[in-house]
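One structure below.
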């Protein structure tokens, strides 16, 4: 397994928001399962993933598939009392850091709960006002 993938599994599984930046490329792009948009940049993506780590409970990776720069990490978790499964689709750059991080999930009811919880968290996090300003 690629060292970045092993480190990602360790960081994400333990909800270590303060460490996630270690595995992200400066220009990382994150595509969430809750809407058709992309977060770009190490700081915003690390912040989003940090909040996700607080919304998910009982998180664990079930399977890890991939080779070279392309990886799929299948997970299961809870969002409140709802079960969810999903896949983190990761592409590493030439330096071995994550340059794209796309998440697909099911079922819809769980994704809706995730969206609601994330909107609430992001709306009260002052970092996101700055991130949005930088995008304008």
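The values are calculated or read from the model by the stated rules, or taken from the named source; none is laboratory data. This structure is a prediction, so every number in the text was calculated from the model and none was measured. Positions of Cβ are backbone-derived with ideal geometry, glycine not excepted, and every protein chain shown enters the neighbour counts.
Which members of segment 81-115 meet the condition of being surrounded by fewer than 14 Cβ atoms within 10 Å (Cβ to Cβ), over 25 Å from residue 21 (Cβ atoms) and out of contact with any strand residue (DSSP E or B) (no Cβ under 8 Å at 6 or more places or on another chain)? Matches in segment 81-115: 81, 108, 112.
What about residue 25, is it modelled with pLDDT of 95 or more and either within 18 Å of residue 131 (Cα to Cα) or in contact with a helix residue (DSSP H, G or I) (Cβ under 9 Å, 6 or more places away or on another chain) (or both)? It would help to see each step written out before you state the result.
Values: modelled with pLDDT of 95 or more: yes; either within 18 Å of residue 131 (Cα to Cα) or in contact with a helix residue (DSSP H, G or I) (Cβ under 9 Å, 6 or more places away or on another chain) (or both): yes.
In short, yes.
Residues that are surrounded by 18 or more Cβ atoms within 10 Å (Cβ to Cβ) and in a loop (DSSP other than H, G, I, E, B): does segment 39-50 have at least one? Looking through segment 39-50, at least one residue is surrounded by 18 or more Cβ atoms within 10 Å (Cβ to Cβ) and in a loop (DSSP other than H, G, I, E, B).
Is one or more of the residues making up segment 17-24 assigned to a strand (DSSP E or B), within 13 Å of the chain's Cα centre (by Cα), in contact (Cβ under 8 Å) with a residue 40 or more places away in the chain and more than 22 Å from residue 112 (Cα to Cα)? So far as segment 17-24 goes, yes, one or more of its residues are assigned to a strand (DSSP E or B), within 13 Å of the chain's Cα centre (by Cα), in contact (Cβ under 8 Å) with a residue 40 or more places away in the chain and more than 22 Å from residue 112 (Cα to Cα).
When each of 94, 58 is tested for being modelled with pLDDT of 90 or more and outside any strand (DSSP E or B), the lone residue that passes is 94. For residue 65, the conditions (1) in contact (Cβ under 8 Å) with a residue 40 or more places away in the chain; (2) loosely packed, with under 14 Cβ neighbours inside 10 Å; (3) assigned to a strand (DSSP E or B) all hold with the exception of (1).
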